[in-house]
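One structure is given below, encoded as structure tokens.
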Amino acid sequence: MSSKLSKVLFYIFSILILFMALSSTYILHLEEKRISEVKKESFNAHLVELARQLSIPVKVNDIAGTNDIISTSALTNMTSWVQVENSFGEILYSDKDSTVSCDSEVASMNILYNGSRAGQIVSCLKDQEFSNSNIYITIAIVWAMFLSVILLLGIIARKSIRQMNEVEEFVQNIDPDNLDKSIAKNFDDDLSPIYGQMFKLMERVKNSREREEELKVYEALAKQARQLHHNIQHPLNNLKELIRDISPSILDGQRSSLRGNYNSIVDTVNNLKTDSNSKLVSDDKAKTYVNMSLDYIVSWNRANWRSKDVEIVYEEENVDKGIFIDIPQSIFPSIMHNLIKNAVEAGESDEETTVIRIELKKLGTFCELKISDNGCGISKDDLPEIFDEDFSKGKIGGSGIGLSHAKEFVSKVKGSIKVDSTPGEGSCFTITVPLSETPNWYIDEIIVKHKGGVIVLDDEYHYYRKLKKRLEPLGIESLYFKDKESFESKFSPSAELMSDYLFIVDYEFSGKNYNGIEIIQELEIFDNAVLMTNMADEHSVIKSCEECDVSLVPKKLAANIEIRKATKNIQDLKVKFLDDSKHIMRNFKVKAEKYGLDADFYTCPNELYESCKTDTDKNTVFFIDYDLGKITGDKVIYELRERGFENFHLLTGYSASDLSLNVEVTSIEPKKFPRKIIDSYL
């Protein structure tokens, strides 16, 4: 490093010396040029002055002489000698000494008389003395500056070489295996910026090495996880087939428990696989029905921690209903299992019963879920790092997803997760996520408006017995059939007969090769059927209900769903539809007639306004499209509200977040026949 610096300094000195030489030469040239010009000007001035003193009319550089006459003795101040000649060359006057030569400049000037040359003046001018002191002072200053620069560079070079040698020694002594020791050394403060950058670089190298070691560990774990994922696929597929084979011979509740545990295993194994395109067995759903999922999660954990002194409190009858979120169904249980497991472990060291409370409620457009415990709590030092990946890494018996991953999935749906904890008293985790759109198959109440009552098709009688106890106090009659064959033996299906009953149908039937959806399709009872099953979390079941527009109720939540008898006949309900599509209005009219609804249908707002002049029932229910061509549905609703009507529903393909309404509406629904909304008015 020092040899390179020496070369650099040598080049700098060489350039400076060359510069100084060129500068001195150029200064001398300028000074000589100046002196020559001064001499020339002086000669001309002497000649003019001489002509003036001799009263000779002359012209030099267009400067005319004067008639001033002075004594010729004054000429000796400017000239060595002077002589005047006529036009024939004859000397008229001369003070020239023949023994004196003219070593200086000889100047001549014509004598003019009446505009013609009459002779000339010849003069030998004395040399003028010019001072050269300025040039010597200038050169001295330049060389003094040069020497000062050389001296300064020498001092800087000496110090720089010493510091560069120190840096070179530092770099050569860096220990790649012990960077902390290398970084701990003290150095000259003048080089602190360089050392600062070097330290940052070494820190990055250190972190990179640590990250490299971690990646090696992660890669090894990932390889094991992929191998496990591959090896367990075949046994799980066999287990699925076995569950399917034995399902007809076991009770519905046992089937549900067995299937739930199987799905939990599948979800855990799927979490080992980071590639979302290679799910193991089951398809993932875009959203989670939180009420249903929590019911299963709480039941499973109560059974799982039965051997420990753990009490899980979840009052499902007091929670808000119909809560859906966009966290996938395969991920949400893992998050909850992990939080509950943490709460159990937090209370293991305490002699008193570990109490875990789970609370669920709606907060406007958000869902809030709290999991609290009376365990040992979390220290203040650990609290800021509770959601860091390294904090939960390496936990034995984990559910496959730590707190860091829980936060990651919650953040993906624009939610939040936080923890409040007091050491010695317990902790409380709060998850807040946006509510997702309620699916079409969901209902929060069963309305019986059919004169015949309820028909239940279920292969397990005890479910019907529970349902019957709820129907009898309402004055609703019910009939039970264990399968399709027993139903057909008593009834001769007809469209008129089918519309007199509400059908509550199970999905699975022991020993049968059909399911509840197929029964509903065969009997064509889409508008007056409810599928009630323990398979409500199965993607295939949900998809079938959506395609057939059939309501779905999980059996786990059946005990808490409201059942009521309609207080008015559907024929007495006043309903008006407005949509600028004639095709949609014709389709709605067919469905309304089949449903027993006598409604009015319009394709023009003015027609609707005109009908409201005669139909003045303020309880009329309006279903209005948002996009009506030249006008929007909210403006039509505003006009009708001014007339005193109150019940308005927008039927549109837009979501609520896409609309900017200037008027209050009862609800915003997808553009399909609103059977469930109509039932809510009965």
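The values are calculated or read from the model by the stated rules, or taken from the named source; none is laboratory data. Quick caveat, the model's predicted, so the values are computed rather than measured. Here the Cβ is made from the backbone with ideal geometry for all residues, glycine too, and neighbour counts use every protein chain on show. To get the accessible areas, we keep the full protein, side chains included, count just its heavy atoms, and leave off ligands, DNA and RNA. Shrake-Rupley method; radii C 1.70, N 1.55, O 1.52, S 1.80 Å.
Please verify whether segment 391-411 includes one or more residues that are under 29 Å from Asn318 (Cα atoms), assigned to a loop (DSSP other than H, G, I, E, B) and at pLDDT 85 or above.
The answer is no; no qualifying residue exists.
Given Lys362, Lys380, which one is open to solvent by 70 Å² or more (accessible area, probe 1.4 Å) and farther than 22 Å from Leu435 by Cβ?
Lys380
Every residue in segment 208-226 that is open to solvent by 100 Å² or more (accessible area, probe 1.4 Å) and modelled with pLDDT under 70, please.
Lys223, Gln224, Arg226
List, please: which pairs have Cβ atoms under 8 Å, are six or more places apart or on different chains, and start with a residue in segment 473-494 that is of a type in the set (D, E, K, R) and end with one that is assigned to a helix (DSSP H, G or I) and exposed (fewer than 15 other Cβ atoms within 10 Å of the Cβ)?
Lys482/Tyr461; Lys484/Glu522
Within segment 562-584, count every residue that is surrounded by fewer than 16 Cβ atoms within 10 Å (Cβ to Cβ), among the basic types (Lys, Arg) and not in a loop (DSSP other than H, G, I, E, B).
Number satisfying all stated conditions: 3.
Quickly run through segment 662-679 and pick out the residues that are assigned to a loop (DSSP other than H, G, I, E, B), touching a Leu at 6+ places or on another chain (Cβ under 8 Å) and surrounded by fewer than 16 Cβ atoms within 10 Å (Cβ to Cβ).
Hits for segment 662-679 are Pro670, Lys672.
I'd like the full set of residues that are under 14 Å from Ile563 (Cα atoms) and in a helix (DSSP H, G or I), limited to segment 435-463.
Hits for segment 435-463: nothing passes.
As an exercise: evaluate Tyr289 against (1) among the hydroxyl-bearing types (Ser, Thr, Tyr); (2) at pLDDT 85 or above; (3) open to solvent by 30 Å² or more (accessible area, probe 1.4 Å) and give the number of the one condition it does not meet.
(3)
Give the number of residues within segment 304-337 that are open to solvent by 10 Å² or more (accessible area, probe 1.4 Å) and within 20 Å of Asp420 (Cβ to Cβ).
Qualifying residue count, segment 304-337: 3.
Would you mind stating whether Phe429 is in contact (Cβ under 8 Å) with a residue 12 or more places away in the chain and either basic (Lys, Arg) or part of a strand (DSSP E or B) (or both)?
yes
Provide a single number: the residues in segment 585-599 that are of a type in the set (A, V, I, L, M, F, W, C), in a helix (DSSP H, G or I) and free of Cβ contacts under 8 Å to residues at least 40 places away in the same chain.
Here the count works out to 2.
Got a number for residues in segment 647-661 being exposed (fewer than 15 other Cβ atoms within 10 Å of the Cβ) and either in a helix (DSSP H, G or I) or modelled with pLDDT of 90 or more (or both)?
3
Within segment 484-522, restricting attention to residues that are aliphatic (A, V, I, L, M) and more than 30 Å from Asp295 (Cβ to Cβ), which residue is modelled with the highest pLDDT?
Per the stated criteria, the residue is Met498.
Restricted to segment 612-627, and to residues that are open to solvent by less than 20 Å² (accessible area, probe 1.4 Å) and outside any strand (DSSP E or B), which residue is modelled with the lowest pLDDT?
Cys612
Please work out if Phe503 is part of a helix (DSSP H, G or I), of a type in the set (Phe, Trp, Tyr) and in contact with a strand residue (DSSP E or B) (Cβ under 7 Å, 6 or more places away or on another chain).
Judged against the criteria, Phe503 is not a match.
Since Glu485 meets every condition but one in (1) open to solvent by 50 Å² or more (accessible area, probe 1.4 Å); (2) under 15 Å from Val454 (Cα atoms), which condition does it not meet?
Of (1) open to solvent by 50 Å² or more (accessible area, probe 1.4 Å); (2) under 15 Å from Val454 (Cα atoms), only one is false for Glu485: (2).
For Arg641, which of the numbered conditions (1) exposed (fewer than 12 other Cβ atoms within 10 Å of the Cβ); (2) assigned to a helix (DSSP H, G or I) fails to hold?
Of everything listed in (1) exposed (fewer than 12 other Cβ atoms within 10 Å of the Cβ); (2) assigned to a helix (DSSP H, G or I), Arg641 misses just condition (1).
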